[in-house]
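Chemist: Let me give you the structure first, and then I'll get to my questions.
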Amino acid sequence: MSFSLPDFRRKWSCRGNMSAWAATVTVALGLSLMPAERAEAKKNSSPFDIFGIGTPRPRTTVHSARIPLPKPRPEEAPRGPEEPVPEASGKPSDKPSSDKPGTDRPSEAAPPPEKQASACRLALTDDIAIAPSIPDIRGPGACGGEDLVRLEAIVLPDQRKVSVKPAATLRCTMASAIADWVRKDMVPLAASLGTTITDLDNFDSFECRGRNRVAGATLSEHGKANALDVRAIKLANGQSIGLTDRSMSRDVRERVLHSVCSRFTTVLGPGSDWYHEDHIHLDLAQRRNDYRICQWNVWDPLPHVAPLLPLERPEEAPPREVAAKPDAKDEAEDQEAAKPTAAPDKPASSGKDKAATKKRR
């Protein structure tokens, strides 16, 4: 049976049904297949192939594409830490590298990266203070801190050292502020008194506690290693500047007051509360708008009152042993006073009584 395309075109041209025209073309193409190809298609056809065309077989010819390979690595290129170093012949060496652990020993853990020093740590050199760095402290709550030092001594411009007794555990910024205060303010004060500074009396530094050691109170700046309590400054002549000692000159204590209040954000002393009557609290607490606290009443010196002492014993006074015994004359008078007196209505005494009276005389 043969079909010609002009006959189909004339038959369906009046109707204009495009879908029917496409179906007719498909049937014509399917019938025009070769018998051998149709038989092969029937073998691979699906049960839903109503036209018997079958699924075309895939092509067996595969064209392989050329994949470009990377260029060889130049010898002068840097190598990774795990890449073996080639020998002189250009082949990789079979010997284990000294940097790479061998298979017969366990691999060692890489050391942690070294912590970079802060700007304060770099500025606080041995020419300013003997303050070795210590590891960070991680205590309960927010206790502790980072960039900590142990302030052992302050080096003066003439290379003399002011010992901090005992050594204070502080943040680097607080230790630097203490060193500047001693070097620039306290040394000229001691020079005006004709002496120099030898020791700084450290009453308290780092301690994980609340304010004023009250249980449940806000964490103190001492718990953050950001505070120092100073009680006195010892001088080379054997004396000391007691910051709360009322026998010390008021002018000296006022000069210390002005110096610390200009350098530290918190200064607490006598008159602030009952916890700072015998020392001065200094810290660098950060507050909003750079708010500062300076509460230290410099009391007037105590009046000099002469002690009440007994008068000196006169030289002509008898010894204390003799003076302690009662006098014999006083004893006789006491006995005479103790005797009973005669009644007024008693008759006249006899001669024996007169004789006795004369005998007593």
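Chemist: If I stretch the segment between E207 and E152 completely, what's the gain in nm (0.36 nm per residue apart, minus their alpha carbon distance), one decimal?
Modeler: 18.1 nm
Chemist: Pairs K165/K234; K184/K224; K115/K161: which exceed 21 Å Cα-Cα?
Modeler: Violating the 21 Å Cα-Cα cut-off are K184/K224; K115/K161.
Chemist: Counting only the heavy atoms of the protein chains, how much of I233 is accessible to a 1.4 Å probe, in Å² to the nearest 10?
Modeler: Using a 1.4 Å probe on the heavy atoms, I get roughly 0 Å².
Chemist: Just reorder R287, R121 by solvent-accessible area, largest first, 1.4 Å probe, all chains present.
Modeler: So, going from the largest accessible area down, we get R287, R121.
Chemist: Another one. In nanometres, what is the gap between the two model label sites at V214 and L189, each 7 Å from Cα along Cα-to-Cβ?
Modeler: Label at V214, label at L189, 2.9 nm between them.
Chemist: Using a 1.4 Å probe and counting only protein heavy atoms, arrange L219, L228 so the residue with the most accessible area comes first.
Modeler: Accessible-area ranking of L219, L228, largest first: L219, L228.
Chemist: Give me Rg over Rh for the stretch 127-260, both radii from the alpha carbons and Rh done the Kirkwood way, two decimal places.
Modeler: With Rh from the inverse mean 1/r over Cα pairs, Rg/Rh is 1.00.
Chemist: Do any trypsin sites (Lys or Arg not before Pro) in the stretch 174-212 lie in a DSSP loop with no more than 13 other beta carbon atoms within 10 Å, and if so, which?
Modeler: none
Chemist: With contacts defined as alpha carbon pairs under 8 Å and 6 or more residues apart, what's the relative contact order of the stretch 187-245 in percent?
Modeler: 35
Chemist: Any chance you could check the Cα centroid distance between the stretch 247-261 and the stretch 123-184 for me, in angstrom?
Modeler: One Cα centre to the other: 24 Å.
Chemist: Ranked from highest to lowest mean number of other Cβ atoms within 10 Å per residue, what is the order of the peptides 185-194, 236-245, 199-208?
Modeler: Going from most to least packed, we get 199-208, 236-245, 185-194.
Chemist: Moving on to the next point. Taking 0.36 nm per residue of separation and subtracting the Cα-Cα distance, what length does fully extending R263 through R66 add?
Modeler: Contour length minus Cα-Cα distance gives 63.2 nm.
The values are calculated or read from the model by the stated rules, or taken from the named source; none is laboratory data. This structure is a prediction, so every number in the text was calculated from the model and none was measured. All Cβ positions, glycine included, derive from the backbone under ideal geometry; neighbour counts span all protein chains shown. All accessible areas refer to the heavy atoms of the entire protein, side chains included, with ligands and DNA or RNA removed. Shrake-Rupley method; radii C 1.70, N 1.55, O 1.52, S 1.80 Å.
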